[in-house]
Amino acid sequence: MVAELQPFLGGDTADLLRFSSQVGEWVSKSVRYPLPARQLSPNGVVACSGRLWWVDLSWCLLTCDPFADAPALHVVPLPDGKALKSKEAWGLLDKYRCVGVSAGKLRFVDMYRNRNSNGAAQISVWTLADYPESTDWTLEYEATFAEICNDATYKATGLPRKIPVLALIHPINPDVVYFFLDEHLVGVDVRARKVVGCEVYELVEPPREDVASRFVHAWKLPPALCSGPEEETVDGAAEELQQLNLSDYLKKYKLIC
């Protein structure tokens, strides 16, 4: 199933376009649009629990079951205190926030300064409670970047003490978050405040100053693609995918641009 949501600013309906491999054609469905008259700032879409989740990192998530005969859109606000004003920080949010799936649950990762712009730079990870029974988020953990940089594992990387750009959350271990820092991709066990992986990344695009969470996706590949003989994969995919390893910690997971 491929789906595209086309809301109309100021209207109370939206078009949901769906392409099903079973049908083999695009079908447009008019659905009720449950948000007030505020422009949705699309920062990506994720799939979780048989649903699609359209992400606005400044405000909320819109979700629906694209396979339903009568799909309905539902709103899931961001955690309390995380909503921003309309168009606030547009063009920057995907450098410091992301929504991803880790260990089968929806996670919201937020980088911010504690209390005010002069406070300590921190990172927090939230988990969405079981949907649809609840739309509440649970704070899993938070840490300051000073705590991470002060650890021996960070000092061993030789990287500068500066605020990185958010890349992604590990698809299996929700304690591990990845960051772009200069030309490196750095994996941090945020709960333990320790670096668990650090390698030079080789993204062709975008330029280093433009990298953000929207440019990368992580997922677990089938074992045949991870470790199977080259002749058993398509066009030597195994050899190419092996070159995308982040670290021994991520031996079975790949970063795809």
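Annotations
- Scanning segment 63-86 for residues that are over 20 Å from the mean Cα position of the chain (by Cα) and either surrounded by fewer than 15 Cβ atoms within 10 Å (Cβ to Cβ) or of a type in the set (Ser, Thr, Tyr) (or both) gives Phe67, Ala68, Asp69, Ala70, Ala72, Lys85, Ser86.
- Single unsatisfied condition, Pro207 versus (1) touching an Asp or Glu at 6+ places or on another chain (Cβ under 9 Å); (2) without any contact (Cβ under 8 Å) to a residue 24 or more places away in the chain: (1)
- Test result for Ala212, at pLDDT below 60, surrounded by 12 or more Cβ atoms within 10 Å (Cβ to Cβ) and hydrophobic (A, V, I, L, M, F, W, C): no
- Strands (runs of 3 or more DSSP E) within segment 135-223 that include 1 or more residues within 27 Å of Pro77 (Cα to Cα), aromatic (Phe, Trp, Tyr) and out of contact with any helix residue (DSSP H, G or I) (no Cβ under 7 Å at 6 or more places or on another chain): 137-144, 176-181, 217-220
- Taking the criterion of being part of a loop (DSSP other than H, G, I, E, B) and loosely packed, with under 14 Cβ neighbours inside 10 Å, the residues of segment 10-28 that qualify are Gly10, Gly11, Asp12, Ser21, Gln22, Val23, Gly24, Glu25.
- Residues (under 30 Å from Arg51 (Cβ atoms) and polar (S, T, N, Q)) located in segment 128-159: Ser134, Thr135, Thr138
- Which listed residue is over 14 Å from the mean Cα position of the chain (by Cα), surrounded by 19 or more Cβ atoms within 10 Å (Cβ to Cβ), under 22 Å from Gly44 (Cβ atoms) and of a type outside the set (Val, Ile, Thr), from Trp137, Trp126: Trp137
- Looking only at residues of segment 140-149 that are free of Cβ contacts under 8 Å to residues at least 40 places away in the same chain and over 21 Å from the mean Cα position of the chain (by Cα), we find that the one that is surrounded by the fewest Cβ atoms within 10 Å (Cβ to Cβ) is Ala146.
- Given (1) farther than 15 Å from Phe145 by Cβ; (2) modelled with pLDDT of 85 or more, index of the condition Val190 fails: (1)
- When segment 29-44 is limited to residues that are surrounded by fewer than 15 Cβ atoms within 10 Å (Cβ to Cβ) and modelled with pLDDT under 90, the one that is nearest to Leu106 (Cα to Cα) turns out to be Pro42.
- When Pro7 is tested against (1) in contact with a Lys or Arg (Cβ under 9 Å, 6 or more places away or on another chain); (2) crowded, with 18+ Cβ neighbours inside 10 Å; (3) farther than 27 Å from Leu166 by Cα; (4) of a type outside the set (A, V, I, L, M), only condition (1) is not met.
- Look at (1) in a loop (DSSP other than H, G, I, E, B); (2) surrounded by fewer than 19 Cβ atoms within 10 Å (Cβ to Cβ); (3) polar (S, T, N, Q) and you find that Ser58 fails only one, number (2).
- Hey, Val55 under 26 Å from Ser213 (Cβ atoms), touching a residue at least 12 places away in the same chain (Cβ under 8 Å) and under 15 Å from the mean Cα position of the chain (by Cα) or not: yes
- Filter result for Leu78 (in contact with an Asp or Glu (Cβ under 9 Å, 6 or more places away or on another chain) and over 19 Å from Leu17 (Cβ atoms)): yes
The values are calculated or read from the model by the stated rules, or taken from the named source; none is laboratory data. The model shown is predicted, which means the values in this text are computed figures rather than measured ones. Counting neighbours? That spans all protein chains shown, and the Cβs are built from the backbone with ideal geometry, glycine included.
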